[in-house]
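One structure is given here, and the rest of the page talks about it.
The values are calculated or read from the model by the stated rules, or taken from the named source; none is laboratory data. These numbers were taken from a predicted model, which means no experiment stands behind them. When we count neighbours, we look across all protein chains shown, and the Cβ atoms used for this are built from the backbone with ideal geometry, even at glycine. Calculation scope for accessible area: heavy atoms of the full protein, side chains included, ligands and nucleic acids excluded. Shrake-Rupley method; radii C 1.70, N 1.55, O 1.52, S 1.80 Å.
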Amino acid sequence: MGGRQRPPKARGARPEPNRRTGRPPGPRADRAAVDPGLEIARLEGYLAWEAEVAAARRDARAFADRFPWLAPDDREVLEEAYAEDRLRYAEEVVDRAVGRCRALAARYRAECRRICARWAAVCLGVAFAAALLAAVPAALHG
């Protein structure tokens with residue numbers, strides 16, 4: 001049964017090892033540094049998706065078991081259709097959740113910028129007022 005699966009993200013080819021040491025080359029300026037947190041998140045996402053694929057196949061078999069009169073070929077077609085439909089739905093749920101997370105992140109970034117700008121204005125105002133109050137007595141006595 002071949003359910004729809006998201007392929008893992010494509011990665012570049014592995015660098016050739018150094019001929020003298022036999023070790024892969026160190027970080028270069030043209031290669032981005034690897035973020036361990038991002039790699040862990042990708043691995044978690046991959047494992048979660050594989051668990052969803054396995055659950056879809058398991059549930060498809062359980063659903064097909066409710067129809068014992070089906071021929072083996074018909075049963076396989078039913079299982080594949082069920083699993084594909086379930087994975088399509090799961091993919092839509094994930095895509096909606098990702099879209100919502102991105103929208104919330106953009107909203108929170110905008111709110112944070114607004115709050116920071118407001119605090120900067122307050123701090124500048126207080127600093128200006130303090131400088132003015134410090135300069136006024138000096139100007140009156142001078």
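Key figures for this structure:
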quantity: So Arg61, is it within 23 Å of Tyr89 (Cβ to Cβ), open to solvent by 80 Å² or more (accessible area, probe 1.4 Å), under 33 Å from the mean Cα position of the chain (by Cα) and not small (Gly, Ala, Ser); calculated: yes
quantity: Residue check for Val94: open to solvent by 60 Å² or more (accessible area, probe 1.4 Å), hydrophobic (A, V, I, L, M, F, W, C), at negative phi and part of a helix (DSSP H, G or I); calculated: no
quantity: Among (1) within 29 Å of Gly45 (Cβ to Cβ); (2) over 19 Å from the mean Cα position of the chain (by Cα); (3) open to solvent by 80 Å² or more (accessible area, probe 1.4 Å) - the single one Arg109 does not satisfy; calculated: (2)
quantity: Hits in segment 36-80 - residues which are farther than 21 Å from Ala97 by Cβ and touching a residue at least 12 places away in the same chain (Cβ under 8 Å); calculated: Arg57, Ala60, Arg61, Phe63, Ala64, Glu76, Leu78, Glu79, Glu80
quantity: Qualifying residue in segment 65-76 (condition: over 21 Å from Ala48 (Cα atoms) and among the aliphatic types (A, V, I, L, M)); calculated: yes
